[in-house]
Amino acid sequence: MPTPRQHGGAALVPISLTSPAFAGLNTEAAGAIMPEQWATVLNNAIFDGAGRAAVRKGWLSQTTTAVAGVVMRVFEYITADGTSEMIFSTDTDIFTGLTAPSSIEGTLGISDGNIKFVNFNDMCIAIGVGASGNPAVYTGSGNFTTVTVNSGTAPTGRVGTSAFGRVWAVDVDGKTIRYSALLDETRWAPADGGGLIDMSNVWPAGQDEIIAIEELAGDLVIFGRNNIVVWTDGAGSSLGIDPITMYVSDTIGGMGVVSQFAIARAVGDIVFISSSGFQSLKRAFQDKTTPTVNITRNVQTNFLAYLDGESDDNNITVAYSPREDILLCIFPSSNKVVCFNTKATLQDGTFRVTEWSTDLQTAHYQSVSRRFLGSLTTTVGEIMLYSGFSDAGASYDFSYESGWL
């Protein structure tokens, strides 16, 4: 025990660390004195059922016959009878099956694996990958084929969604949304129930580019790079929104999304990565007078560094697992994952957060079997299951450091 003269006269104070890092990672205040519930380093960690910081699971290969190329996107195709089929894409092909994948690309000529897949009327639609940029369709057998356009003009961009019994997708101009007829991906003419929306005169804060389209609580949400626009149908409809009667019900200027793959549905909300951090859509509308408030405030500098370091924003993935109560923001270029625990929020409304050091490329929750699947950049051509405690056989370190006490 040092004497008072040797250590300056300050008494030692015992600190009880009952649940260290209970509040998660806080790198923004790492240079200050913080309460013991915070951590300045919390790597490869999650929070267990008791709310304690614990080591995360690893990624276990489910594929015995690897395919060529890194798996860029994983998608769950759900048929009308509720069965599930996993579809995944590389930069040169589309596959089905986990153990021994088989190609279902057909003659599409894939050159970019970041494909937007959607479920629609017992089919899987791949947006913007068919001939002339038209959507392509897979029915559960055979290969993907270009949608046959029976009327009107189909969208030719790679951004879109399926909602309210229609396919909604963007033209290559980045401002025109085309929607199909009800339950018919072949008809796009207004006379047959299709139509278009020109967003060029709708953006609240100058011109913008459509980056993503989503549905939330009966509304159609259009994400630009710097704006968000919500369309609703005040009349109501048994089939959801009626495009003829829908109107703009809300907007946010100065906030958008970086990629259509940087969006996820979680805990009854849509969460997304904007240029200023990780946002909650509901909270963004509640706080739209100060939209810089976001759920990454405790790790903001690190988070934005990973975002700025990404070589292609379309490689970013936001993935949610309700089984594990985790929400992942995956940055492949940095080999970093920012992990949010969604069991409960902190007093400031943010989630507890940790970071993972891993070469995760993408992830997707399979709802039918309740499994979290993904791919690694270094384990080429294989689908991985969130399980065990190694990344495809490679070990990883769990690390924790408290703040200055």
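The values are calculated or read from the model by the stated rules, or taken from the named source; none is laboratory data. What you are looking at is a predicted structure, and each value in this text was computed from that prediction instead of being measured. Positions of Cβ are backbone-derived with ideal geometry, glycine not excepted, and every protein chain shown enters the neighbour counts. These area figures cover heavy atoms from the full protein model, side chains too; ligands, DNA and RNA do not enter into them. Shrake-Rupley method; radii C 1.70, N 1.55, O 1.52, S 1.80 Å.
Scan Ile115, Ile78 and give me the residue that is open to solvent by 20 Å² or more (accessible area, probe 1.4 Å) and under 24 Å from the mean Cα position of the chain (by Cα).
Just a single option satisfies the conditions, and that option is Ile78.
Within segment 200-216, work out how many residues are open to solvent by 30 Å² or more (accessible area, probe 1.4 Å), out of contact with any helix residue (DSSP H, G or I) (no Cβ under 8 Å at 6 or more places or on another chain) and over 14 Å from Val271 (Cα atoms).
6
Would you tally the residues in segment 172-181 being crowded, with 16+ Cβ neighbours inside 10 Å and either among the charged types (D, E, K, R) or in a loop (DSSP other than H, G, I, E, B) (or both)?
4
Scan Val129, Val147, Val159 and give me the residue that is of a type outside the set (Phe, Trp, Tyr), modelled with pLDDT of 95 or more and in contact with a Leu (Cβ under 8 Å, 6 or more places away or on another chain).
Step by step, each of Val129, Val147, Val159 is checked, and only Val129 is of a type outside the set (Phe, Trp, Tyr), modelled with pLDDT of 95 or more and in contact with a Leu (Cβ under 8 Å, 6 or more places away or on another chain).
So which strands (runs of 3 or more DSSP E) are wholly in segment 294-405 and hold at least 3 residues that are within 17 Å of Asn114 (Cβ to Cβ)?
In segment 294-405, 317-321, 326-331, 360-366, 371-376 are the strands (runs of 3 or more DSSP E) which contain 3 or more residues that are within 17 Å of Asn114 (Cβ to Cβ).
Return the residues of segment 246-265 that are aliphatic (A, V, I, L, M), under 27 Å from Asn315 (Cα atoms) and not in a strand (DSSP E or B); say none if nothing qualifies.
Passing the criteria: Met255, Val257, Val258, Ala262.
Residue check, Gly388 against (1) more than 22 Å from Leu25 (Cβ to Cβ); (2) open to solvent by 50 Å² or more (accessible area, probe 1.4 Å); (3) at pLDDT 95 or above, all met but one. Which one?
(2)
Specify the residue that is surrounded by the most Cβ atoms within 10 Å (Cβ to Cβ); the eligible residues are those in segment 305-352 that are under 25 Å from Leu385 (Cβ atoms) and of a type in the set (Gly, Ala, Ser).
Residue satisfying both the conditions and the ranking: Ala319.
If I ask for residues that are open to solvent by less than 10 Å² (accessible area, probe 1.4 Å) and either among the aliphatic types (A, V, I, L, M) or under 21 Å from Ser162 (Cβ atoms) (or both), which ones from segment 87-107 would you list?
Correct list: Ile87, Phe88, Ser89, Ile94, Ile104.
Is it the case that segment 286-300 has a residue that's within 30 Å of Ser111 (Cα to Cα), open to solvent by less than 30 Å² (accessible area, probe 1.4 Å) and either modelled with pLDDT of 95 or more or among the hydrophobic types (A, V, I, L, M, F, W, C) (or both)?
no
For residues that are buried (at least 17 other Cβ atoms within 10 Å of the Cβ), of a type in the set (D, E, K, R) and either at pLDDT below 95 or over 21 Å from Thr317 (Cα atoms) (or both), tally how many sit in segment 32-75.
Total meeting the criteria: 1.
Taking segment 152-171, which residues are more than 19 Å from Ser259 (Cα to Cα), open to solvent by 20 Å² or more (accessible area, probe 1.4 Å) and of a type in the set (Gly, Ala, Ser)?
Gly152, Gly165
Conditions (1) open to solvent by less than 20 Å² (accessible area, probe 1.4 Å); (2) out of contact with any strand residue (DSSP E or B) (no Cβ under 7 Å at 6 or more places or on another chain), marked per residue:
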{"residue": "Asp359", "(1), (2)": "no, no"}
{"residue": "Phe372", "(1), (2)": "yes, no"}
{"residue": "Ser375", "(1), (2)": "yes, no"}
{"residue": "Thr378", "(1), (2)": "no, yes"}
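Could you tell me whether any residue of segment 269-280 is among the aliphatic types (A, V, I, L, M), modelled with pLDDT under 95, outside any loop (DSSP other than H, G, I, E, B) and in contact with a Pro (Cβ under 7 Å, 6 or more places away or on another chain)?
no
Being under 20 Å from Tyr386 (Cβ atoms) and among the β-branched types (Val, Ile, Thr) is true for just one of Ile104, Ile15, Ile46, Ile33. Which residue is that?
One residue alone meets the criteria, Ile46.
Can you tell me which residue is modelled with the lowest pLDDT among those in segment 183-196 that are over 29 Å from Ser259 (Cβ atoms) and assigned to a loop (DSSP other than H, G, I, E, B)?
Residue satisfying both the conditions and the ranking: Gly193.
Just need a number here: residues in segment 130-144 that are under 15 Å from Val159 (Cβ atoms) and polar (S, T, N, Q).
1
Report yes if Asn201 is over 23 Å from the mean Cα position of the chain (by Cα) and at pLDDT 95 or above, otherwise no.
No, not satisfied.
Can you pull out the residues in segment 230-261 that are within 22 Å of the chain's Cα centre (by Cα), surrounded by fewer than 23 Cβ atoms within 10 Å (Cβ to Cβ) and under 20 Å from Gly160 (Cβ atoms)?
Those that are within 22 Å of the chain's Cα centre (by Cα), surrounded by fewer than 23 Cβ atoms within 10 Å (Cβ to Cβ) and under 20 Å from Gly160 (Cβ atoms): Val230, Trp231, Val258, Ser259.
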